[in-house]
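K.L.:
Take this structure first; my questions come after.
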Amino acid sequence: MLAIENLTVRFGGVIAVKALNLTVEEGEIHALIGPNGAGKTTVFNAIFQVVPYTGGILFAGRELRGLPRHRLAEIGVTRTFQNLSIFPSMTVRENILVGAHSKTRSRFVAELFGVSGEPKQRLTDTLNFFGLSPLSPAYAAVLPYGTLKTVELARAFISSPKLILLDEPAAGIPTSEKGALKAVIRKMRDAGTTILLVEHDMELVMDISDSVTVMDFGEKIAEGTPAQISADRRVIEAYLGEEIHAAS
Amino acid sequence: MVPSRGRRLTANAVLVALVLLVPLIFRTKPSIIGYLNIAMLYALATQGLNLLMGFGGLVSLGHAAFMAIGGYTAAVLVMTYHVNMFLAVVAGVAGAGLFGLVIGFPSLRLSGFYLAVATMALGSSVADVIKRLTITGGDYGLSNIPSLRLGPWKLVSDASRYYFFVIILALVFLAVRNFLNSRSGRAVRAVHDSEMTAAAMGVNVAAYKLITFIFAACIAGLSGALYAFTISYLHPTNFGLTFSIGLLSMSIIGGLGTIIGPILGAVFWVMLPLIIGGKLTYLATVIFGLSIIGSVMFLPKGLSDLVTRIQTRLKL
């Protein structure tokens, strides 16, 4: 689904990502983990053509280099953001509808007359999928953080993408809501979406991932199943002896 | 009590009735209607600016230039080339839109203060160019511009123009509202909130910035064209930086990012000197200044905040 080949990203003299090779298989939840500053979010930004890079990024066999940023949604790649990037001036419904932008077309004159129509079925399905229907008319600015995280997932999911990049979906989510988050991420995968996940919450990563890639100082130091990763000595060292338990 | 549909409908009906009765109420003072007509044209131009700044998050300190292009294009076409007035207005709108595209290009690279300066420079240069052209009457201005007509009817009286402008204003404002609630409008608002996120959702940020500029310019161009046939006189200095800042003030006092803000701001701007009146007219400038400060400090959504408060108080 996604093949990253020899990816290198430099910021001035700093090498943020160094010769990274990474393959995400279709239909899996693939976690990209590593200590702060390991270069995980930079990988996301390279995929989205936000930072200049060398090497290759292939999505479904297609080289992404040079593709305008807004075309990624159209070919089936969307994302969420590390510190939540919801449109505060919009309602939940409007936020999610922006996610459907690439799957709909504008007819300017119809829009002026208010008769352009909306992707109603798609919206209803998405709202139900994420349990957001009752909140649809609420303004995003008044909703709690955890709910907005779900809105962000829904916004990335409404376009039926083939691949979603999730940047720390569990950050700021209370422990009591983590179970629901895991369930919804699995549900997205089971609906046929491949997921590449950056996350610090090891319990969540080990529980839901099909495979894991570990980065440290811009380089890949390990990859494998959650069980293999949690037994890897280099991984344990990178986390300064922090213990990692695979969920049984 | 929960806001009821019935109460809201009644309130709207009363409001519409009042708007329609204004010419009768001020029958003995036609100048008031004339000023309200100007206020409506300013409201139109301000709505364009509001679309740009309030909803699109883009800055323009050259908005008066769009009015100038709309006005001069329409007036010159009618006076020199004897083009049908309706077509001339359409051409004025298109000309302003085209210039909107030109002035929109810096917005792809610049934002904030830098965009403000770039639009200011481009905007001010329009007035200077008009001043040096012969076809526009140069520094003498264009006078004796024919009066507004609608097909066979000449709209000479202030009251007839009033009704015409009310209809135009209502149509444009409805169109803007519909636009903002449509796919394109949401894209424009998304770009305002976060360009990176909007792009990740598939929104072509550059294209929507240009669309916003073109749309805003077209509305201002319409305002300028109607202004030319209403005032019958155009002078380049009327559309310089001062008036661009005037339009900006109207949108801030009225309430940036609200649909009714531009009407409130423009009426306030035009009517305040009249209300103060007489020898104290010069105080109007001071009051405007204080209003802007007050609005920024206490009413973040300008005068439209007052309307919202009244609505809440009356439970509408």
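K.L.:
Which helices (runs of 4 or more DSSP H) sit wholly inside the range B:74-186 and have at least 3 residues that are farther than 30 Å from A:Ser89 by Cα and in contact with a His (Cβ under 8 Å, 6 or more places away or on another chain)?
P.N.:
none
K.L.:
OK, next. Determine which member of the set B:Ser249, B:Ser244 is buried (at least 23 other Cβ atoms within 10 Å of the Cβ) and closer than 30 Å to B:Gly97 by Cβ.
P.N.:
Of the residues listed, the single one that is buried (at least 23 other Cβ atoms within 10 Å of the Cβ) and closer than 30 Å to B:Gly97 by Cβ is B:Ser244.
K.L.:
Can you confirm whether A:Gly76 is on the phi > 0 side of the Ramachandran plot, touching a strand residue (DSSP E or B) at 6+ places or on another chain (Cβ under 9 Å) and within 14 Å of chain B (Cβ to nearest Cβ)?
P.N.:
For A:Gly76, the condition - on the phi > 0 side of the Ramachandran plot, touching a strand residue (DSSP E or B) at 6+ places or on another chain (Cβ under 9 Å) and within 14 Å of chain B (Cβ to nearest Cβ) - is met.
K.L.:
How many residues are over 21 Å from A:Tyr239 (Cβ atoms), touching a Lys or Arg at 6+ places or on another chain (Cβ under 7 Å) and either hydrophobic (A, V, I, L, M, F, W, C) or in a loop (DSSP other than H, G, I, E, B) (or both) when one looks only at the range A:1-26?
P.N.:
The qualifying residues number 1.
K.L.:
Mind checking which residues of the range B:201-215 are buried (at least 24 other Cβ atoms within 10 Å of the Cβ) and either away from chain A (no Cβ under 14 Å) or among the β-branched types (Val, Ile, Thr) (or both)?
P.N.:
Within the range B:201-215, B:Val203, B:Thr212, B:Phe213 qualify.
K.L.:
So A:Tyr53 passes all but one of these: (1) surrounded by fewer than 21 Cβ atoms within 10 Å (Cβ to Cβ); (2) hydroxyl-bearing (Ser, Thr, Tyr); (3) away from chain B (no Cβ under 14 Å). Which condition number does it fail?
P.N.:
(1)
K.L.:
Would you pick out the residues in the range B:69-122 that are farther than 13 Å from B:Val59 by Cα, of a type in the set (Ser, Thr, Tyr) and without any contact (Cβ under 8 Å) to a residue 60 or more places away in the chain?
P.N.:
Residues satisfying the conditions are B:Thr80, B:Tyr81.
K.L.:
May I ask you to say which residue of A:Thr175, A:Thr194, A:Thr126 is polar (S, T, N, Q) and in contact with a His (Cβ under 9 Å, 6 or more places away or on another chain)?
P.N.:
A:Thr194
K.L.:
A follow-up question, please. Of B:Thr10, B:Thr28, which residue is outside any helix (DSSP H, G or I), more than 30 Å from B:Arg183 (Cα to Cα) and out of contact with any Pro (no Cβ under 9 Å at 6 or more places or on another chain)?
P.N.:
B:Thr28
K.L.:
Testing A:Ala110 on (1) closer than 23 Å to A:Ile185 by Cβ; (2) of a type in the set (A, V, I, L, M); (3) without any contact (Cβ under 8 Å) to a residue 40 or more places away in the chain; (4) within 13 Å of chain B (Cβ to nearest Cβ), one condition comes back false. Which one is that?
P.N.:
(1)
K.L.:
Taking the stated definitions as given, is A:Thr78 at pLDDT 95 or above and under 17 Å from the mean Cα position of the chain (by Cα)?
P.N.:
Spelling it out, A:Thr78 is indeed at pLDDT 95 or above and under 17 Å from the mean Cα position of the chain (by Cα).
K.L.:
Working only within the range A:145-167, note down all residues that are buried (at least 23 other Cβ atoms within 10 Å of the Cβ) and touching an Asp or Glu at 6+ places or on another chain (Cβ under 8 Å).
P.N.:
Correct list: A:Leu166 only.
K.L.:
How many residues does the range A:76-125 hold that are of a type outside the set (A, V, I, L, M) and in a loop (DSSP other than H, G, I, E, B)?
P.N.:
Number of matching residues: 19.
K.L.:
What's the total number of residues in the range A:91-102 that are at pLDDT below 95 and either farther than 15 Å from A:Ala156 by Cβ or more than 7 Å from chain B (Cβ to nearest Cβ) (or both)?
P.N.:
Qualifying residue count for the region: 0.
K.L.:
Hey, another quick one. B:Leu150 versus (1) in contact with a helix residue (DSSP H, G or I) (Cβ under 7 Å, 6 or more places away or on another chain); (2) buried (at least 16 other Cβ atoms within 10 Å of the Cβ); (3) in contact (Cβ under 8 Å) with a residue 12 or more places away in the chain: which is the lone unmet condition?
P.N.:
Here B:Leu150 clears every test but (2).
K.L.:
Can you give me the number of residues within the range B:165-200 that are more than 8 Å from chain A (Cβ to nearest Cβ), without any contact (Cβ under 8 Å) to a residue 40 or more places away in the chain and touching a helix residue (DSSP H, G or I) at 6+ places or on another chain (Cβ under 6 Å)?
P.N.:
Total satisfying the criteria: 1.
K.L.:
Looking only at residues in the range B:218-241 that are of a type in the set (A, V, I, L, M) and surrounded by fewer than 24 Cβ atoms within 10 Å (Cβ to Cβ), which one is nearest to A:Ser89 (Cα to Cα)?
P.N.:
Checking each candidate, the answer is B:Leu241.
K.L.:
Check whether at least one residue in the range B:189-196 is surrounded by 15 or more Cβ atoms within 10 Å (Cβ to Cβ) and assigned to a loop (DSSP other than H, G, I, E, B), and report yes or no.
P.N.:
yes
K.L.:
Hey, can you tell me all the residues within the range A:28-41 that are of a type outside the set (A, V, I, L, M, F, W, C) and at pLDDT 95 or above?
P.N.:
A:Glu28, A:His30, listed by residue number.
K.L.:
Next up: I'm trying to understand the selection: among the residues of the range A:28-40, which are polar (S, T, N, Q) and buried (at least 21 other Cβ atoms within 10 Å of the Cβ)?
P.N.:
Within the range A:28-40, none qualify.
K.L.:
Now for a separate question. Just to be sure I understand, how many residues within the range A:81-90 are surrounded by 14 or more Cβ atoms within 10 Å (Cβ to Cβ) and more than 9 Å from chain B (Cβ to nearest Cβ)?
P.N.:
Going through the range A:81-90 one residue at a time, the tally reaches 2.
Conditions (1) within 14 Å of chain B (Cβ to nearest Cβ); (2) hydroxyl-bearing (Ser, Thr, Tyr); (3) closer than 21 Å to A:Lys187 by Cβ, marked per residue:
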position: A:Gly114; (1), (2), (3): yes, no, no
position: A:Pro119; (1), (2), (3): yes, no, yes
position: A:Arg122; (1), (2), (3): yes, no, yes
position: A:Asp125; (1), (2), (3): no, no, yes
position: A:Pro134; (1), (2), (3): no, no, yes
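K.L.:
Filter the range A:126-144 down to residues that are in a helix (DSSP H, G or I), of a type outside the set (Gly, Ala, Ser) and surrounded by 13 or more Cβ atoms within 10 Å (Cβ to Cβ), then give me how many there are.
P.N.:
4
K.L.:
Further, regarding this structure: I'd like the full set of residues that are among the hydrophobic types (A, V, I, L, M, F, W, C), over 30 Å from B:Leu24 (Cα atoms) and over 10 Å from the mean Cα position of the chain (by Cα), limited to the range B:36-65.
P.N.:
B:Leu52, B:Met53, B:Phe55, B:Leu58, B:Val59, B:Leu61, B:Ala65 - these are the residues of the range B:36-65 that are among the hydrophobic types (A, V, I, L, M, F, W, C), over 30 Å from B:Leu24 (Cα atoms) and over 10 Å from the mean Cα position of the chain (by Cα).
K.L.:
Of the conditions (1) more than 27 Å from B:Leu155 (Cβ to Cβ); (2) within 26 Å of the chain's Cα centre (by Cα); (3) loosely packed, with under 12 Cβ neighbours inside 10 Å, B:Leu9 satisfies every one except a single condition; which number is it?
P.N.:
(2)
K.L.:
Can you find a residue in the range A:194-208 that is in contact with a helix residue (DSSP H, G or I) (Cβ under 8 Å, 6 or more places away or on another chain) and at positive phi?
P.N.:
no
The values are calculated or read from the model by the stated rules, or taken from the named source; none is laboratory data. The shown structure was predicted, so the numbers you read here are calculated from the model rather than taken from an experiment. Cβ coordinates were reconstructed from backbone atoms using ideal geometry, including for glycine residues, and neighbour counts include every protein chain displayed.
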